[in-house]
Amino acid sequence: MSMPVFEEFDPPGDCACGGCVQRRRALLHAVPARDGGHPATYGARRAVVLVAAAGTVLSGGAGAAIAAGPAPSEVSSAGLGHDGASDTAAGATPQGRPGALYGADAEAADGRGRVMALAVANRTTTRDAILNRAQHWVNQQVPYSMSRYWSDGYRQDCSGFVSMAWNLGSNQWTGSLSQFGTQISKSQLQPGDMLLFHNAANPGAGSHVTIFGGWANSAHTRYIAYEQTRPHTLKRSTPYAYWNNSSRYVAYRYNGITGGGSGNSGGGSTAFPGAGSFGPGAYNAQVTRLGQMLVKRGGAKFYSEGPGPRWSEADRRATQAFQKAQGWSGGDADGIPGRATWDYLVNGKGKNIGGSGGAGGNQGGNSGSKAPAYPGAAAFRPGQSNTYVAQLGKQLVKKGYGKHYSQGPGPRWSESDRRNVEAFQRAQGWGGRDADGYPGPETWRRLFA
């Protein structure tokens, strides 16, 4: 029986030490050069495969060690670094490549896929259509997969999802999606734009893309992301620009966008957009703008997340509370904004929710004085007892976030204080360490705003 021929690599393939075994396992699943992997690394992988074959024939230790490595399917499900906050490992599985719908041309070379894709790049769509298509996958909870295709023909990974939302008529990947858009700044973001991170050095490690659905807070530190991730399509409040690799994301606007749109930054025309912009089923930038104005007028307690572009019961309740604060009742306080409600909100008229003055006055009801200076994080820690803690507690109660107090509030910091602060922070759309229950400068500013 002839000995198998294999390429040499350093270290020798017959080394049975733990480090070499681990290296061989990693090389066995290296990304092919055609999918963005390094040619030398992939060549080493071929060597490992041949060594594995040799080990099988010779029943040697090297072959047995490689056989114990994870199967490709296990690597695929191990986490790609683009699957959310809880998935930080950088995996080694490449994305699907450009191709036709339903994967009919999924094995085409990248160059051919690029030409085919550009042929449909002039398709037009609207922002509402983009978000509606994205929401459709959210509603269906489309499972994440880099090799499967949904009933509409789009690949079930992050780039296939954006290809679907933008209605490209083909499946792209993070390395080609930028062809279809124009780079924009953070301040220019509007619902329907995308946030893209393409790791050119290793596309399978962290590359990801999301659809921007609107700002989740007025500080623009969180936004509503539509994304295809494990286990299925999600719509969630996300730190800008993402949970990881945040500084490497780039914003793009689809070149086929038609129509205007004021975005959701709170600016835009003061004209009433019409009753049809609000109510059950409404999904547009004006709903987000309404929610942001209501939050500024004392309505933050009604939002567990957002505000966002989809009309919700939180929007109705906050609107109704504002209307009742003006002394209105009946049909004038039904929770659906009309011209008068919009005029009051846009121009800072009337009373805030809770009965305090208008937007130009004392929104927090703090005895007519300015917001007190933030005393520093050290004032709000276990064991602390001071006037700032008592001041904080009283303001939480005024804002409607005092349900965790069984008695008090008082000057000694307690778990009740922390839990009430956390509830207030989550109402701003924050999460993680931004909603840990300990007031920082921004929490303090908003609480007394």
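The values are calculated or read from the model by the stated rules, or taken from the named source; none is laboratory data. Just so it is clear, the structure is predicted and the values come from calculations on it, not from any experiment. We place every Cβ from the backbone using ideal geometry, glycine too, and count neighbours over all the protein chains shown. In case anyone asks, the SASA skips ligands and DNA or RNA and just uses the protein heavy atoms, side chains included. Shrake-Rupley method; radii C 1.70, N 1.55, O 1.52, S 1.80 Å.
Within the option set Thr210, Thr238, Thr182, being in a strand (DSSP E or B) and at pLDDT 95 or above holds for one residue only, Thr210.
Might you let me know whether the stretch 248-265 holds any residue that is within 18 Å of Trp430 (Cβ to Cβ) and in contact with a Ser or Thr (Cβ under 7 Å, 6 or more places away or on another chain)? Taking every residue of the stretch 248-265 in turn, at least one turns out to be within 18 Å of Trp430 (Cβ to Cβ) and in contact with a Ser or Thr (Cβ under 7 Å, 6 or more places away or on another chain).
Considering (1) under 14 Å from Ser218 (Cβ atoms); (2) touching a residue at least 40 places away in the same chain (Cβ under 8 Å), the lone condition that Phe278 does not fulfil carries the number (1).
Kindly establish whether Trp444 is more than 23 Å from Ser304 (Cβ to Cβ) and touching a Phe, Trp or Tyr at 6+ places or on another chain (Cβ under 7 Å). Quick ask: steps written out before the conclusion?
Numbers: more than 23 Å from Ser304 (Cβ to Cβ): no; touching a Phe, Trp or Tyr at 6+ places or on another chain (Cβ under 7 Å): yes.
So Trp444 fails the test.
Within the span defined as the stretch 219-227, one or more residues are out of contact with any strand residue (DSSP E or B) (no Cβ under 7 Å at 6 or more places or on another chain) and either at positive phi or not in a strand (DSSP E or B) (or both). Could you check the stretch 334-351 and list, in sequence order, the residues that are surrounded by fewer than 24 Cβ atoms within 10 Å (Cβ to Cβ) and not in a helix (DSSP H, G or I)? Passing the criteria: Asp334, Gly335, Ile336, Gly338, Asn347, Gly348, Lys349, Gly350, Lys351. Of all the listed residues (Gly153, Gly206, Gly175), the sole one being within 27 Å of Gly429 (Cβ to Cβ), in contact with a helix residue (DSSP H, G or I) (Cβ under 9 Å, 6 or more places away or on another chain) and not charged (D, E, K, R) is Gly206. If you go through the stretch 381-399 and keep only what is surrounded by fewer than 19 Cβ atoms within 10 Å (Cβ to Cβ) and either of a type in the set (A, V, I, L, M) or touching a residue at least 60 places away in the same chain (Cβ under 8 Å) (or both), you end up with Ala390, Val397. Taking the numbered list (1) buried (at least 24 other Cβ atoms within 10 Å of the Cβ); (2) at negative phi in turn, Ala201 passes all entries but (1). Of all residues in the stretch 428-440, those satisfying the criterion of being modelled with pLDDT of 85 or more and either among the hydroxyl-bearing types (Ser, Thr, Tyr) or open to solvent by 10 Å² or more (accessible area, probe 1.4 Å) (or both) are Asp436, Tyr438, Gly440. Of the residues making up the stretch 185-207, those that are in a loop (DSSP other than H, G, I, E, B) and of a type in the set (D, E, K, R) number 1. For Val162, the conditions (1) of a type outside the set (Phe, Trp, Tyr); (2) part of a helix (DSSP H, G or I); (3) out of contact with any strand residue (DSSP E or B) (no Cβ under 9 Å at 6 or more places or on another chain) all hold with the exception of (3).
Scanning the stretch 364-380 for residues that are modelled with pLDDT of 90 or more and either surrounded by fewer than 17 Cβ atoms within 10 Å (Cβ to Cβ) or under 22 Å from Ala321 (Cα atoms) (or both) gives no hits. Considering each residue of the stretch 315-333 in turn, none proves to be in a helix (DSSP H, G or I), touching a residue at least 24 places away in the same chain (Cβ under 8 Å) and open to solvent by 70 Å² or more (accessible area, probe 1.4 Å). Considering the stretch 188-228, the residues that are within 10 Å of the chain's Cα centre (by Cα) and of a type in the set (Val, Ile, Thr) include one that is nearest to Thr288 (Cα to Cα), namely Ile224. The residue of the stretch 140-187 that is most open to solvent (accessible area, probe 1.4 Å), among those that are over 20 Å from the mean Cα position of the chain (by Cα) and hydrophobic (A, V, I, L, M, F, W, C), is Trp150.
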